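Here is the structure we will look at.
The values are calculated or read from the model by the stated rules, or taken from the named source; none is laboratory data. Values in this document were obtained by computation on a predicted structure and should not be read as measured data. With ideal geometry, Cβ positions are generated from the backbone for all residues, glycine too; neighbour counts draw on all protein chains shown.
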Amino acid sequence: MIPNERLLFVSFSNFRREKHPSLIFGNHLRPFSKSLLCCNKKRNVVLFPQKRESVVCTQSSDPAEFKSSLEGNSLTELNESSLYSSRSKIRIAIPSKGDIGEDTRTLLKESGLEIRLHNPRQYSAAVRDFPQVEVWLQRPADIVRRVQEGQVDIGFVGYDVLVEYQDNPNSTLLIHESLGYGSCKLGVGIPLNWAHVTNMTELAKFSEERSTPLLITTKYPKTVTNFLREKGIRNYRLLHMDGALEAATQMGCSDLIIDLISSGTTLRENLLKEISEGTVLESDMIMIGSPLTLGLHNSFGKQVRAFARELLERIESHLAAKEHFSIIANIKGSSPGDVARKIGTQMDLKGMDGPTVSPVIPPRGFDSGMYAIGVVVKKNRLYKAIEQLRSIGGSGVCVLPVSYVFERNSVRWEKVVNTLGVD
Ligand SMILES: Nc1ncnc2c1ncn2[C@@H]1O[C@H](COP(=O)(O)OP(=O)(O)OP(=O)(O)O)[C@@H](O)[C@H]1O
Ligand SMILES: O=P(O)(O)OC[C@H]1O[C@H](OP(=O)(O)OP(=O)(O)O)[C@H](O)[C@@H]1O
């Protein structure tokens with residue numbers, strides 16, 4: 001029997017249609033996110049794995065009646081594994097097309113996951129050396145939806161898409177907040193000839209003075225509605241376009257647009273300009289996870305977590321490695337400590353955890369007073385580091401690429417585990 005305090009009684013007539021299910025916990029109502037629920041149609045059971053609580057939903061609107069109907073029934077069979085038993089493979093979803101699709105495949109490959117894609121119309125693929133994993137190629141908005149519903153365990157999307165399509169901030173887990181590609185911002189673009197509008201305050205004033213609402217075209221209605229509310233703009237109407245939004249003002253169907261901006265070229269080419277305070281959000285590609293499956297306490301949950309952790313650490317260490325070079329060089333000194341002290345005086349030679357210093361032993365075996373040092377330096381400081389090495393007597397400097405830089409532990413993963421309340 002599952003003890004009563006771990007049962008949630010859902011009192012609504014149609015779970016699938018209900019937007020905001022009202023839940024009763026013990027005898028108390030409490031807020032609940034529908035996206036954290038996973039419905040087992042047959043048994044009418046849903047699960048809230050984040051807190052190890054089982055959720056039982058009912059057609060009855062009277063929780064007391066429902067509760068009493070459960071008396072004496074063994075609920076132990078309604079466990080997590082029964083809900084996810086239909087799937088044994090771990091699922092990753094990546095964008096199916098465009099630069100972000102290609103860059104995600106490159107990132108995964110460089111992190112050790114080679115996706116076996118044979119043609120552009122293939123929407124699922126295996127991963128070399130990871131037989132327990134399958135990759136699904138999806139449109140960005142669908143990646144957020146599938147991760148939210150627990151049909152996919154890990155997804156790669158732009159932050160902009162996550163903000164627009166997730167039901168609430170708890171319905172997905174943010175595993176890595178910035179993967180370093182797909183960088184852009186969602187921002188306001190107004191006609192170049194609106195000389196009287198240079199910032200959001202002036203735009204708000206302008207919208208109030210008008211007799212007709214401002215026509216604003218965007219692909220991000222939810223995010224934009226929140227932004228306009230924050231900026232005090234009320235007199236507007238949102239219009240939707242799927243792409244090439246920048247054409248909307250010149251076509252005469254919109255007053256301004258709110259769209260993604262990267263270099264700003266598309267805005268300029270279409271006689272639009274940015275305004276100050278007009279940035280809705282800054283976006284980068286991110287890695288997200290499903291709390292529904294990552295939070296499971298069964299063996300599938302453990303398997304998903306082990307893989308998510310490995311993938312995150314591979315990506316983190318690959319991204320850190322991209323920023324660094326490894327340097328080896330020879331330096332004269334009276335002892336390893338003396339050499340380490342000399343290196344320690346140079347800003348760019350401090351390395352990640354200090355230098356490695358080892359004596360160079362010539363063929364005849366006597367003390368040469370020469371030491372080999374190894375240090376990891378920031379790529380953008382390479383030449384400064386070489387100059388500093390030379391200034392303390394460094395010679396024979398070799399610069400090598402770094403493949404991975406693994407830290408002692410992953411702070412991001414610790415955060416994920418804490419959020420989920422799992423080991
Ligand atoms: N100019 C850009 N520079 C960098 N990243 C961008 C740029 N435009 C879009 N992105 C990122 O790439 C993602 C996908 O962009 P894009 O607008 O091309 O998608 P799409 O193919 O039109 O998607 P869909 O048709 O499924 O809505 C965006 O959500 C954003 O995160
Ligand atoms: O500031 P820029 O560097 O010019 O980039 C901005 C453009 O890039 C994106 O469009 P995309 O090329 O994805 O085409 P779309 O409009 O069809 O989505 C975005 O929607 C802008 O139109």
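General remarks:
- When residues of segment 340-399 are limited to those that are under 41 Å from the mean Cα position of the chain (by Cα) and in a loop (DSSP other than H, G, I, E, B), the one farthest from residue 327 (Cα to Cα): 345
- Residue in segment 203-213 that is more than 16 Å from ligand 1 (Cβ to nearest atom) and among the aromatic types (Phe, Trp, Tyr) present: yes
Per-residue answers, yes or no, for (1) under 18 Å from the mean Cα position of the chain (by Cα); (2) within 16 Å of ligand 2 (Cβ to nearest atom); (3) in contact (Cβ under 8 Å) with a residue 12 or more places away in the chain:
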residue: 268; (1), (2), (3): no, yes, no
residue: 278; (1), (2), (3): no, yes, yes
residue: 290; (1), (2), (3): yes, no, yes
residue: 296; (1), (2), (3): no, no, yes
residue: 300; (1), (2), (3): no, no, yes
residue: 303; (1), (2), (3): no, no, yes
residue: 316; (1), (2), (3): yes, no, yes
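- The set of residues from segment 250-266 being more than 13 Å from ligand 2 (Cβ to nearest atom) and either among the polar types (S, T, N, Q) or part of a helix (DSSP H, G or I) (or both) comprises 250, 254.
- Selection within segment 212-245: residues that are more than 15 Å from residue 200 (Cα to Cα) and among the polar types (S, T, N, Q). The member of this set that is nearest to the chain's Cα centre (by Cα) is 223.
- Of all residues in segment 411-420, none are more than 22 Å from the chain's Cα centre (by Cα), outside the structural domain of residue 303 (by TED's automatic domain parsing) and part of a helix (DSSP H, G or I).
- Subset tally (residues that are within 14 Å of ligand 1 (Cβ to nearest atom) and surrounded by 12 or more Cβ atoms within 10 Å (Cβ to Cβ)) for segment 242-261: 7
- Being more than 16 Å from ligand 1 (Cβ to nearest atom) and part of a loop (DSSP other than H, G, I, E, B) is true of residue 296.
- Flag for residue 213 being surrounded by fewer than 18 Cβ atoms within 10 Å (Cβ to Cβ) and either within 24 Å of residue 154 (Cα to Cα) or at pLDDT 95 or above (or both): yes
- Members of segment 153-172 found to be within 16 Å of ligand 1 (Cβ to nearest atom) and among the hydrophobic types (A, V, I, L, M, F, W, C), listed by number: 156, 157, 161, 162, 163
- Among the residues listed as 373, 392, the single one being in contact with a Pro (Cβ under 8 Å, 6 or more places away or on another chain) and surrounded by 11 or more Cβ atoms within 10 Å (Cβ to Cβ): 373
- Among the conditions (1) surrounded by 16 or more Cβ atoms within 10 Å (Cβ to Cβ); (2) more than 14 Å from ligand 1 (Cβ to nearest atom); (3) within 30 Å of residue 382 (Cα to Cα), the only one that residue 283 does not satisfy is (2).
- Positions within segment 98-141 being without any contact (Cβ under 8 Å) to a residue 40 or more places away in the chain and near ligand 1 (Cβ under 10 Å from one of its atoms), in sequence order: 98, 101, 141
- Flag for residue 320 being more than 16 Å from ligand 1 (Cβ to nearest atom), small (Gly, Ala, Ser), closer than 30 Å to residue 387 by Cα and within 23 Å of the chain's Cα centre (by Cα): yes
- Any hit, segment 220-241, residues being in contact (Cβ under 8 Å) with a residue 40 or more places away in the chain, surrounded by fewer than 17 Cβ atoms within 10 Å (Cβ to Cβ) and within 9 Å of ligand 2 (Cβ to nearest atom): no
- Of all the numbered requirements in (1) free of Cβ contacts under 8 Å to residues at least 12 places away in the same chain; (2) within 30 Å of residue 256 (Cβ to Cβ), residue 203 misses one, and that requirement is (1).
- One residue stands out in segment 146-183 among those that are surrounded by fewer than 18 Cβ atoms within 10 Å (Cβ to Cβ) and farther than 20 Å from residue 416 by Cβ: the one that is farthest from ligand 2 (Cβ to nearest atom), namely 181.
Yes/no matrix, rows are residues, columns are (1) in a loop (DSSP other than H, G, I, E, B); (2) under 30 Å from residue 275 (Cβ atoms); (3) touching a Ser or Thr at 6+ places or on another chain (Cβ under 7 Å); (4) modelled with pLDDT of 95 or more:
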| site | (1), (2), (3), (4) |
| --- | --- |
| 107 | no, no, no, yes |
| 118 | yes, no, no, no |
| 134 | no, no, yes, yes |
| 137 | no, no, yes, yes |
| 189 | no, yes, no, yes |
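- Selection count where residues are within 22 Å of residue 195 (Cβ to Cβ) and of a type in the set (Lys, Arg), scope segment 223-278: 3
- Of everything listed in (1) assigned by TED's automatic domain parsing to the domain that holds residue 223; (2) more than 16 Å from ligand 2 (Cβ to nearest atom); (3) crowded, with 18+ Cβ neighbours inside 10 Å, the single unmet condition for residue 188 is (2).
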